[in-house]
Amino acid sequence: MLNILASLLFLILGVLSIVASLFNFNWFFTSENVRFFVKLFGRNGTRVFYGVAGVLIIYMAYYVYNMPMS
């Protein structure tokens, strides 16, 4: 049951990251936690970074969901 909840959380966060990067949400890219990456990579570089991160987080959701129960 715990792996289902964790994978659902990862899935939601990964989709949010991808959608925010695709639609260039201002509220997302001006938040305090993301400003560091915007200064480091620029706005478009940060969008690419969060798009790739979203794909990796969705893969992590898939992996956690399919982990064998011990």
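Read the figures in this text as sums done on the coordinates, not as results from a lab. Note that this is a predicted model, so its numbers are computed, not measured. Because the Cβ atoms are built from the backbone with ideal geometry, glycine has one as well, and the counts that use them run over all protein chains shown.
Rounded to the nearest 500 deg cm²/dmol, what is the calculated helix-only ellipticity per residue at 222 nm for the chain, with -39500 (n - 2.57) per DSSP H run of length n ≥ 4? Walk me through the numbers before you get to the answer.
Numbers: 3 runs with 57 residues, N = 70.
My calculation for the chain gives -28000 deg cm²/dmol from helical runs alone.
Determine the gain in length on full extension of the stretch Leu2-Asn24; use 0.36 nm per residue of separation and subtract their C-alpha separation, reporting nm with one decimal. Each step should come with its number before you reach the end.
Values: separation 22, 0.36 × 22 = 7.92 nm, distance 3.25 nm.
Result for the pair: 4.7 nm of gain on full extension.
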query: Who wins for biggest fluctuation among Leu22, Leu13, Leu40 in a Gaussian network model of the chain, springs between alpha carbons below 10 Å?
result: Leu40
task: Compute the Cα gyration tensor for the chain, then decide on rounded, prolate or oblate, letting a ≥ b ≥ c be the square roots of its eigenvalues: rounded whenever a/c is under 1.5, prolate when a/b is larger than b/c in the other cases, and oblate in all that remain.
output: prolate
message: Suppose each label sits 7 Å from its Cα in the direction of the beta carbon; what would the Val15-Val55 distance come out to in nanometres?
response: 1.9 nm
task: Treat each spin label as a single point 7 Å out from the Cα along the C-beta direction, and report the Tyr63 to Leu40 distance in nm.
output: 2.0 nm
